[in-house]
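Enquirer: After the structure tokens below, expect a handful of questions from me.
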Amino acid sequence: MSDDLTSSEESDYSVFENKSGLAEDMKFLASMPELCDVTFLVGETREPVCAVKAVLAARSKVFHKMLYGQRQQQPVREPSPKKRDSIKDTKLRLFLKRSSEPNITVQAPPPVASGHQTLIVEEFEPDVFRQLIEYIHTGCVMLQARTLLGLMNAADYYGLEELRRACMGFVQSCINVDTVCALLASAEKYIQYKCTKSLVQRVLEFVDNHGNEVLSLGSFALLPLHVVRLILSREELRADEMTKFQAAMHWSRRYCDSMGNVDLRETIANFIEYIEFYKIPASVLIKEVHPVGVIPDHVIMNALAYQADPSSVDVNKLSSPNRFRRASLQPNLLRSTGLDHAAMASVAAAGPIVESPEENRPRQPGQKRRLYKRSNTLAER
């Protein structure tokens, strides 16, 4: 009997949900500036992003405090006895005056709503902030590698824990060869946020395990200088030295093309200390690296000398060209490498191996020659 009663009660109602329709309507609402009451000017370009304050405040405590937290009711002051008596006399006179006039009902105007607010947001990029506003209004957003790190930090900044967890869960699945450079580039913009550090560590571990593939990407040349230096300097990086040299050349050539009057030799000097040239076969050094004309001759000669006789050169100095001196090399070491006469002639044609005046310029102890003024790297922060 009780079962029949329960089933009859359950059949008396039905729940209909149209979440997708609601999400589309709310997305349309946020896209119509005339229906919104707050505009955010986002990023360096001050790109406008519109929203509804009530929705933002309901979904985020941070937005609630930002939009409504400054409003405080003025304390009500009790009027003095003399002022209270004057107020009573005024009200009495007005009442007597109204009682002698025709009774006309006048509808009071509705209270004026607060005006349209305009706020500046400099912490995030326009695309990232627009995705954040879309999620707040609709409850859904498309996660993608290009804006993932910014969106994850924005969700953490504005107290949207569900979105932050969703971004963290998507990180591991989206780190691949095609997206790794985009993630590193975005990490540069949001390095001050705590969520960035955990993601950068995961990305760098992926780069270490797929070094040759990542260094061969065209997008690798678009990374900032100190990010490239960070990657090439990692002992865990699984990449052969020739690939590292080619990646450094690609980055340097793109930089010189984009900046104009910049010397290629000076640009690639930023990376020479991170390339172990003595691990590149001698024939490749002579036929492919040396003809490019950007690597100092003494670096190549020391690499060849080590390959011929490892005891002749300190291996700890092979990655730092500024520490080498011409006197440490002997002419017969080149011949002992077993190269043909044409290869040895190509080296001899380069002339005497001397260091540039800049390399002989006195420096403070521990100081290295730097061609660029750089900020702290990802590893140093």
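We did not get these values from a lab; they are worked out from the coordinates using the rules stated. This structure is a prediction, so every number in the text was calculated from the model and none was measured. Every residue, glycine as well, gets a Cβ built from its backbone with ideal geometry; the counts of neighbours run over all protein chains shown.
Enquirer: Provide Rg over Rh for segment 194-265; use the alpha carbon set for both Rg and the Kirkwood Rh (inverse mean inverse pair distance).
Expert: 1.00
Enquirer: Do the alpha carbons of any pairs in K244/K287; K27/K61; K27/K189; K27/K197; K65/K194; K61/K194 sit beyond 24 Å of each other, and which pairs?
Expert: From K244/K287; K27/K61; K27/K189; K27/K197; K65/K194; K61/K194, over 24 Å: K27/K189; K27/K197.
Enquirer: For a quick check of your reading of the filter: which GluC sites (Glu not before Pro) in segment 209-264 sit in a DSSP loop and have no more than 13 other Cβ atoms within 10 Å?
Expert: Sparse-neighbourhood loop GluC sites (Glu not before Pro): E235, E236.
Enquirer: How big is D, in µm² s⁻¹, for segment 136-194 by Stokes-Einstein at 20 °C and 1.002 mPa s if Rh is the Kirkwood radius over C-alpha pairs?
Expert: 182
Enquirer: Also, quick follow-up: May I ask you to evaluate 6.51 cos²θ - 1.76 cosθ + 1.60, the Karplus curve with θ = phi - 60°, for each residue of segment 192-205 and list the ³J(HN,Hα) values in order in whole Hz, giving x for glycine and proline?
Expert: After applying 6.51 cos²θ - 1.76 cosθ + 1.60, I find 7, 9, 5, 5, 5, 4, 5, 5, 4, 4, 5, 5, 5, 5 Hz.
Enquirer: Would you pull out the residues with amide H under 5 Å of V121's amide H, same chain only if 5 or more places away, H placed 1.01 Å from N?
Expert: Under 5 Å from the amide H of V121 lie the amide H atoms of L41, V42, G43, each far enough along the sequence or on another chain.
Enquirer: From the phi angles alone, apply the Karplus equation (6.51, -1.76, 1.60; θ = phi - 60°) to segment 163-179 and give each ³J(HN,Hα) in whole Hz, x where the residue is Gly or Pro.
Expert: My calculation for segment 163-179 gives 5, 4, 5, 5, 5, 5, x, 7, 4, 4, 7, 9, 7, 8, 4, 6, 10 Hz in order.
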